[in-house]
Amino acid sequence: MASKAELACVYSALILVDDDVAVTGEKISTILKAAGVDVEPYWPGLFAKALEGVNVRELITNIGSGVGVAPAAGVPAAAAAAGAAAPAESAKEEKKEEEPEESDDDMGFGLFD
């Protein structure tokens with residue numbers, strides 16, 4: 001479970017993103033001080049560094065889509081993206097190869113016969 005300091009930094013970062021303000025360690029610290037939350041001095045900088053170059057809005061909106069595939073350690077992002085596309089293509093091919101199943105109406109078991 002996340003500690004109070006971690007949650008406070010997450011909420012501070014979300015506030016900054018919601019206000020379209022750059023997420024920096026200094027700004028997270030300012031919000032935490034205004035809220036009266038005491039955290040170790042390394043937490044704000046750690047969270048700011050972790051969110052550097054990340055589109056947090058896109059991350060939040062795509063959380064339930066299940067589209068993202070984490071690349072394996074040491075694999076370049078382009079190679080991981082190409083590897084993720086291959087299973088999708090094979091799944092499409094499998095769907096095309098499936099024969100349509102007979103419906104209940106074709107077998108004389110329809111509800112409205």
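Just so you know, all these numbers are worked out from the coordinates, no wet-lab data involved. Everything numeric here is computed off the predicted structure, so don't read it as measured data. Ideal geometry is used to build each Cβ from the backbone, glycine not excepted, and the neighbour counts take in all protein chains shown.
Details
- Distance between the 7 Å Cα→Cβ label points at Leu14 and Ala50: 1.4 nm.
- Taken along the Cα-to-beta-carbon direction at a fixed 7 Å, the label points for Tyr42 and Arg57 span 3.3 nm.
- Once the chain from Ala35 to Ala22 is taken as fully extended at 0.36 nm per residue, the excess over their C-alpha distance is 2.8 nm.
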